[in-house]
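Each remark here refers to the structure printed beneath this line.
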Amino acid sequence: MKSKRWLKSFLMVLLIGLSFLSLGVTVFSAEGEEGKWKGVDEAVIEKIAKERGVIPKEPLFSLEGDLELFAFSLLSGGSGFVAGYYWRKLIGEKSDASSLRKTTS
């Protein structure tokens, strides 16, 4: 019993370690290739917009770098927490299942 717990712990630590290792390899390998890879916005959407003559507009809130991603993540997490907290009121409360059971006397 104790060996199974040790094995599960070891496998979990190994899995987490391999995840961090693969993340580090990915980050450091793509660090010097800034201009080589384009995102979907640049490669597809901006190309089609230029072909059709659409002028890009300035964003409502201009955030630099990863601050935009951080703000999006923070607001998404907050709205998910609020939606989860008020889930029953959003979806509608269901009747109690225990009151629907047939009573046998």
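The values are calculated or read from the model by the stated rules, or taken from the named source; none is laboratory data. Every value quoted in this text rests on a predicted model; they were computed, and no experiment measured them. Glycine gets a Cβ as well: all are built from the backbone with ideal geometry, and neighbour counts include every protein chain shown.
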Would the stretch 1-9 turn up any residue that is within 23 Å of GLY65 (Cβ to Cβ), loosely packed, with under 10 Cβ neighbours inside 10 Å and modelled with pLDDT under 65?
-> no
Only one of (1) at pLDDT below 80; (2) among the β-branched types (Val, Ile, Thr); (3) not in a helix (DSSP H, G or I) fails for VAL27. Which number is that?
-> (3)
